[in-house]
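Let me begin by presenting the structure, written as structure tokens, before commenting on it.
The values are calculated or read from the model by the stated rules, or taken from the named source; none is laboratory data. In this text the structure is predicted, and so the values were computed from the model without any measurement. Cβ: placed from backbone, ideal geometry, glycine included. Neighbour counts: every protein chain shown.
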């Protein structure tokens, strides 16, 4: 098989995985299902991905790339470069929550501990730059006191991730009566940065 065919089949396996996670969820991402969807034998993925985790990491990498692109677009289009740091931070947070809502299966896959810990296909290198953007905006937006910006950004990220998960499950809407995540996002930003008018 030529290098071009190898690259094509490797990409097709990842494409099938991306489609499966979008339509059927993380539980559908078996080697057998991905191979079936790609039209190859169930052993074929092993030629390109030595472990199941390696294949899942390649699929998750696509999710991180899409999230990064959506975050970049939100910062450029939604908030604009001239907007203050808090406004840009809110746009970034909205993009994160929007991605989680629109891509439930991919969002779940992207943050699986076993994938991130294994650092298969450089997932840390794909995900950490987005955290760096978040931390930079937190540093700009909050007064220089107390915990460092990366710690505050980590707490805000954990808060956002919890909102995304609980909103997706329906728990937060039921508990708070909120119709969308806007009020929850405002409360999270106030909690981590201080009130907007302070």
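For the range 31-51, a residue qualifies if it is under 17 Å from residue 106 (Cβ atoms) and within 23 Å of the chain's Cα centre (by Cα), and exactly one does: 34. Checking 156, 134, 130, 172 one by one, the residue that is under 26 Å from residue 63 (Cα atoms) and at pLDDT 95 or above is 156 and no other. For residue 117, only one of the following conditions fails: (1) within 17 Å of residue 10 (Cβ to Cβ); (2) assigned by TED's automatic domain parsing to the domain that holds residue 164; (3) modelled with pLDDT under 90; (4) surrounded by fewer than 15 Cβ atoms within 10 Å (Cβ to Cβ). What is its number? (1) is the only condition that residue 117 fails. Scanning the range 180-198 for residues being at pLDDT below 90 and in contact with a helix residue (DSSP H, G or I) (Cβ under 8 Å, 6 or more places away or on another chain) gives a total of 1.
With respect to the conditions (1) touching a residue at least 12 places away in the same chain (Cβ under 8 Å); (2) in the same structural domain as residue 10 (by TED's automatic domain parsing), residue 41 falls short on a single one, namely (1).
Just one of the listed residues (75, 29, 56) is closer than 30 Å to residue 190 by Cβ, surrounded by 18 or more Cβ atoms within 10 Å (Cβ to Cβ), in contact with a helix residue (DSSP H, G or I) (Cβ under 7 Å, 6 or more places away or on another chain) and in contact (Cβ under 8 Å) with a residue 40 or more places away in the chain, and it is 75. If residue 98 meets every condition in (1) at pLDDT 95 or above; (2) within 9 Å of the chain's Cα centre (by Cα) apart from one, which number is that one? Unmet condition: (2).
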